[in-house]
Amino acid sequence: MTKNINILVVDDSAETREVIKRNLLGAGYQVMTAANVAEAIGILEQNAIELVITDFKMPSANGLELVRYVREKLKHTIVMMITGYASVQGAVDAVKGGAEEYLAKPFTESELLDAVKRSLSKLEKNNKLDALTKNSTSAQYGLIGKSKPMRKIFDMIEKTAASFGTVLISGESGTGKELVARAIHYKSPRAVAPFVPINCGAIPENLFEGELFGYMKGSFTGANESRAGFLQTAEGGSVLLDEVGEMSLALQVKFLRVLQENELYMLGGRKPLKLDLRIMAASNKNLGTLVSKGAFREDLYYRLNVISIEVPPLRERGDDILLLASYFADKFSRKLGRPRPEFSVPVLDVLKNYYWPGNVRELENVIQRILVLNENELIELSDIPEFLHLNSACNLVPDRTLAQVEAEHILQTLAVHGGNKTKVAQVLGIDRKTLREKLKTISNTG
């Protein structure tokens, strides 16, 4: 596979260029070289280059200018910076400027090749994201996802829509349970009739029965006219009882009759009204557990749970996180009236590895916040909320030493906080003196 990878080496030292070129050719890569930034740009304009390896300090124009050029002009090219840890600010600037990898001088052949592999791996992630997002607007049923768990959900929607049984949709808050219910409705023969969602946790208990079943004029103080309830307004269509676990036991008894007899009594009414409805329910609580605790009726549970659909949490959906991030970035960019920004690979890694306790709803809010507070063309680590860094189980390269991991973490944290050593020391949980000593050690190893 390496024979199809084109690498451009940019360094003002002919000896360094030759050494790097020889090492890369030996590993099977295609290699071109340039002595300065201007020459490198000329080559990039005429050739498809996957990876640029550039020195940091060069006459006329330094490597950062080349990094910026690649970032702005070449979406399918990635940059690796050659720098010494002695220049901490240089490493910070390289990361903030868009370099996805940096390598300290002097370096061995194995260190060079390992850094190249990591860089190309990040490029592969970028290309994979592009492939994922090409059709991001063609969401099925309003749901976005290509992961195996979501393909299973789409299959369940298809099969459930063609049936007539009641449906229980479970899953954590923010996973899109209502979207699944809407998809079932609009895919079904009932699509031309209303879909009525009812939030069982949002209506006061003393008003719920009247809101659900409707009431007759004079049935209670203030009932100056008869009024249809939610169930009647959905006649011929579908009803979603969202957070059904919040329904009181007394109301559960009355609703059970609706399921058993397909009819209801309005408050103050003496004649039953026939209903033609599909009933769906959703809950972020385990209704089986509520049944065992006596908080939910067992007979109603089994009536609702004819068809069961479990919506997966976002953290189990893999690349769907990146697909959704891109979708929301498009959405909010249009609302803000500006071009959609790109996400750097480190940012994508953080987004993908964050736990997302609030699921898709939380991701949408985070992307909106990022775009409102930043107008950058490239979203970097310094542009995203700090809690994402602190709670992300970021992937580590397994063959690195502890010292290398620590050095990279310190420099990445410096980049995130713009080189503010006081803030970095606070984040790392050390004092400034310890931070200075660690930076000195990093510099000496370079």
Legend entry - Verdict on LYS134 being surrounded by fewer than 18 Cβ atoms within 10 Å (Cβ to Cβ), out of contact with any helix residue (DSSP H, G or I) (no Cβ under 8 Å at 6 or more places or on another chain) and at pLDDT below 70: yes
Legend entry - Any chance LEU25 is in contact (Cβ under 8 Å) with a residue 60 or more places away in the chain and either under 18 Å from LYS122 (Cα atoms) or out of contact with any Pro (no Cβ under 7 Å at 6 or more places or on another chain) (or both): no
Legend entry - SER292 closer than 29 Å to SER147 by Cα and either small (Gly, Ala, Ser) or not assigned by TED's automatic domain parsing to the domain that holds LEU168 (or both): no
Legend entry - Scan of region 194-230 for residues that are buried (at least 18 other Cβ atoms within 10 Å of the Cβ) and within 16 Å of LYS271 (Cα to Cα), ordered by number: GLY210, PHE213, GLY214, TYR215, GLY229
Inset, instruction - Output the residues belonging to region 360-400 that are modelled with pLDDT of 90 or more and exposed (fewer than 12 other Cβ atoms within 10 Å of the Cβ). - result: VAL372, LEU373
Inset, instruction - Return a yes/no flag: does region 284-303 have any residue that is part of a helix (DSSP H, G or I), in contact with a helix residue (DSSP H, G or I) (Cβ under 9 Å, 6 or more places away or on another chain) and over 29 Å from LEU231 (Cα atoms). - result: no
Inset, instruction - May I ask you to list the residues in region 341-355 that are out of contact with any strand residue (DSSP E or B) (no Cβ under 6 Å at 6 or more places or on another chain) and under 25 Å from THR175 (Cβ atoms)? - result: LEU348, ASP349, LEU351, LYS352, TYR355
Inset, instruction - Spot the failing condition for ASN365; the list is (1) assigned to a helix (DSSP H, G or I); (2) over 21 Å from LEU259 (Cα atoms); (3) touching a helix residue (DSSP H, G or I) at 6+ places or on another chain (Cβ under 8 Å), and only one is missed. - result: (3)
Legend entry - Every pair of residues 6+ apart whose Cβ atoms lie under 6 Å, when the first sits in region 328-343 and is among the hydroxyl-bearing types (Ser, Thr, Tyr) while the second is not in a helix (DSSP H, G or I): SER333/ARG340
Inset, instruction - Only one of these is buried (at least 18 other Cβ atoms within 10 Å of the Cβ), touching a helix residue (DSSP H, G or I) at 6+ places or on another chain (Cβ under 8 Å) and at pLDDT below 70: ALA94, ALA99. Name it. - result: ALA94
Legend entry - Residues satisfying the stated conditions in region 20-55, i.e. surrounded by 15 or more Cβ atoms within 10 Å (Cβ to Cβ) and over 18 Å from ARG71 (Cβ atoms): ILE20, LYS21, ASN23, LEU24, ALA27, TYR29, GLN30, VAL31, MET32, THR33, ALA35, ASN36
Inset, instruction - For region 151-163, state whether one or more residues are assigned by TED's automatic domain parsing to the domain that holds LEU275, assigned to a loop (DSSP other than H, G, I, E, B), in contact with a strand residue (DSSP E or B) (Cβ under 7 Å, 6 or more places away or on another chain) and modelled with pLDDT of 95 or more. - result: no
Legend entry - Of all residues making up region 170-193, the number that are surrounded by 20 or more Cβ atoms within 10 Å (Cβ to Cβ) and of a type in the set (A, V, I, L, M, F, W, C): 4
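The values are calculated or read from the model by the stated rules, or taken from the named source; none is laboratory data. The structure presented is a predicted model; accordingly, all values stated were derived computationally and were not measured. Cβ coordinates were reconstructed from backbone atoms using ideal geometry, including for glycine residues, and neighbour counts include every protein chain displayed.
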